[in-house]
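A.B. asks: Next up is a structure, given as structure tokens.
The values are calculated or read from the model by the stated rules, or taken from the named source; none is laboratory data. What you see is a predicted model; the values in this text were computed from it and never measured. For neighbour counting, all protein chains shown are included, and Cβ atoms are generated from backbone atoms with ideal geometry for every residue, glycine included. Accessible surface is based on the protein model in full, side chains and every heavy atom, while ligands, DNA and RNA are left aside. Shrake-Rupley method; radii C 1.70, N 1.55, O 1.52, S 1.80 Å.
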Amino acid sequence: MSISPDVPSRRRYVKVRPVRPDDFPGIIALCERTYPGAPPWSAAQLARHLEIFPEGQLVAVDRGHEVVGYAASLIVFWDDYRMESRWKEFTDGGMFTNHDPGRGRTLYGAEVMVHPEVRGSGVGGRLYEARRELAERLGLLRIRAGARLRNYHKYAAQMGAEEYVRRVVRRSLRDPTLSFQINRGFHVLAVVPGYLKFDPESLGWAAVIEWLNPAVATAADYAAVPPW
Ligand SMILES: CC(C)(COP(=O)(O)OP(=O)(O)OC[C@H]1O[C@@H](n2cnc3c(N)ncnc32)[C@H](O)[C@@H]1OP(=O)(O)O)[C@@H](O)C(=O)NCCC(=O)NCCS
């Protein structure tokens, strides 16, 4: 991949737009780069997502039209799941056939990734902004996702995953994924094991995170947020 040179600024120029079929090779390459050794999205899965929920599938492309970021979402009816449900269950094995816009009020963040060479320049933030705008446009109550605890493997010998999350929330530790999400208005609901199958960095641990849509959420929704 050759990433276009950009202006020397922390913010990188990208365009965030809905996924098109000609983006599939770029998304698959980005996935292989992000999760080496894990099975990447397949073209069949990506095509299914577009059939099921096209507005929920976003890419960030740079000046050279390279895919440098990707975010995939679906709408779920939360009562069909448990807090401890795995990524595989929330996404129906990555096919999104459980997408339920009739009953669901929760936009589920199934994936977000940014090319390692451009991380830290605002691309992930742009994808999160677009995802939040989608939830607002659709009048959904919230966004939820499993935040893989990416740096947990470095601390696992010293502390449990809950303690790790507590420290990230209180900002005495920084996790490249969870800190990014907390900085974008998400809070932690729970810490769960076995969320992802192939993830040596998180050792499978994830924080279930939530952003509440202020235009829709009630005082009771905010009151139900557990203290961390
Ligand atoms: C999580 C992820 C999508 C963030 O994307 P990004 O483009 O780096 O996000 P941004 O640049 O908008 O924000 C990154 C934050 O890290 C900080 N940062 C500083 N230096 C950085 C660096 N070298 N690399 C990454 N982030 C850096 C940024 O300042 C920013 O801080 P802020 O939260 O205080 O604003 C990206 O790290 C990624 O693809 N990770 C691997 C896949 C993954 O774990 N996905 C989440 C699944 S739950």
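A.B. asks: What lysines sit close enough to K88 to cross-link, taking a C-alpha to C-alpha distance under 19 Å and skipping anything fewer than 8 places away on the same chain?
C.D. replies: Cross-link targets: K197.
A.B. asks: Pop a pseudo-label 7 angstrom from the Cα along the beta-carbon direction at both K197 and D92 and give the gap in nm to one decimal.
C.D. replies: 1.8 nm
A.B. asks: Next up: Ordering K15, K88, K197 by how much accessible area each has at a 1.4 Å probe, largest first, what is the list?
C.D. replies: Numbers: K15 105, K88 130, K197 175 Å².
Listed by decreasing accessible area, they come as K197, K88, K15.
A.B. asks: Out of the total accessible area of the chain (probe 1.4 Å, heavy atoms of protein only), what percent is carbon and sulfur?
C.D. replies: On the way: 5660 of 10860 Å².
The C+S portion of the solvent-accessible surface of the chain is 52 percent.
A.B. asks: Rounded to the nearest whole Å², what accessible area per residue is found for the chain with the 1.4 Å probe?
C.D. replies: Values: 10860 Å² over 228 residues.
Heavy-atom accessible area per residue stands at 48 Å².
A.B. asks: Quick one: accessible surface of D22, probe radius 1.4 Å, all protein chains present, in square angstrom to the nearest 10.
C.D. replies: 100 Å²
A.B. asks: Enter the accessible area of R144 (Å², nearest 10), with the probe set to 1.4 Å and all protein chains included.
C.D. replies: Approximately 20 Å² for this residue.
A.B. asks: With N set to the residue count of the stretch 47-128, report its C-alpha Rg divided by 2.2 N^0.38 Å to two decimal places.
C.D. replies: With N residues counted in the stretch 47-128, Rg over 2.2 N^0.38 Å equals 1.19.
A.B. asks: Still on this model: Given charges of +1 on the Cβ of Lys and Arg and -1 on the Cβ of Asp and Glu, with all other atoms neutral, how large is the dipole of the chain about its Cα centre, in debye to the nearest 20?
C.D. replies: On the way: 31 positive and 26 negative charges, 144 e Å.
In debye, rounded to 20, the chain gives about 680.
A.B. asks: Something else about it: How much length is gained on full extension from Y222 to E162, taking 0.36 nm per residue of separation minus their Cα-Cα distance?
C.D. replies: Going from the current span to full extension adds 19.5 nm.
A.B. asks: Another question about this same structure. Can you work out D for the chain in µm² s⁻¹ from Stokes-Einstein, where Rh is the Kirkwood radius over C-alpha pairs, the temperature is 10 °C and the viscosity is 1.306 mPa s?
C.D. replies: Stokes-Einstein gives a translational diffusion coefficient of 88 µm²/s.
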